[in-house]
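Below: the structure, in structure tokens.
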Amino acid sequence: MNVKVIISFVLCLSLFGLFVYVLPHEQDNKSDFNNEFLRVHIRANSNDTIDQEVKYKVKDAIVQFLTPLLCNVTDKQSAMQIVANNLSNIESVANTVLRTEGFCYTSNASLKTEEFPTRTYQDLTLPSGVYDSLIVNLGTGTGNNWWCVVYPPLCFVNTDNSSNVTYKSKLVEIINSFWRKYDAK
């Protein structure tokens, strides 16, 4: 047999092994990583400036409400249970802001599994994929949205509604430990 044929056969077999074994396991690790997070997605009623502005006010109120409830949570399941038990309270917080600001529409909060694109929060990048999420729709929920992470609890300050996000060091350590855990696989 020709040496080129043997080398080609071995290369093809190696590539086949890569696709059959390595890539599915890489996807499993990514799914495992995604399963460590509970994200939040607040959707504005529309892209009108006024709806976008109130979305940030609602976001601030929801973050202020959730922070003391989640600050000592040590696992995602506990965070999901706390959020699930407080969905009506989250809606009340959002609805109070909407009413105070003179809006007729209300909010709807739910826990769902949803597809997210890759998102970077300063030095943390969460890969695209399916995540468990707290979804808060304001009115129709068809406008641009705001996203972040409920667990691990990314407590942040975002006073100018820009992409300047400051993380508490304890939380960055938790997130970095997740990265180290899944990078090692």
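A compact table of results
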quantity: Nonlocal amide H pairs with GLY143, under 5 Å, H built at 1.01 Å; calculated: ALA44, ASN45, SER46
quantity: For VAL150, residues with placed amide H under 5 Å, excluding near neighbours; calculated: LEU38, ARG39, VAL40
quantity: Surrounding net charge for VAL136, when Lys and Arg each add one and Asp and Glu each subtract one, Cβ distance under 13 Å; calculated: +3
quantity: Rounded accessible area of GLU53 (nearest 10 Å², 1.4 Å probe); calculated: 110 Å²
quantity: Per-residue HN-Hα couplings for segment 95-105 [Karplus 6.51, -1.76, 1.60; θ = phi - 60°; Hz; x = Gly/Pro]; calculated: 5, 4, 4, 4, 5, 4, 8, x, 8, 8, 7
quantity: Hz values of 3J(HN,Hα) by residue in segment 46-62 - Karplus curve (6.51, -1.76, 1.60), Gly and Pro given as x; calculated: 7, 9, 4, 3, 5, 5, 5, 5, 5, 4, 5, 5, 5, 4, 4, 5, 5
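The values are calculated or read from the model by the stated rules, or taken from the named source; none is laboratory data. These numbers were taken from a predicted model, which means no experiment stands behind them. We place every Cβ from the backbone using ideal geometry, glycine too, and count neighbours over all the protein chains shown. Ligands, DNA and RNA are excluded from the accessible area calculation, which covers all protein heavy atoms including side chains. Shrake-Rupley method; radii C 1.70, N 1.55, O 1.52, S 1.80 Å.
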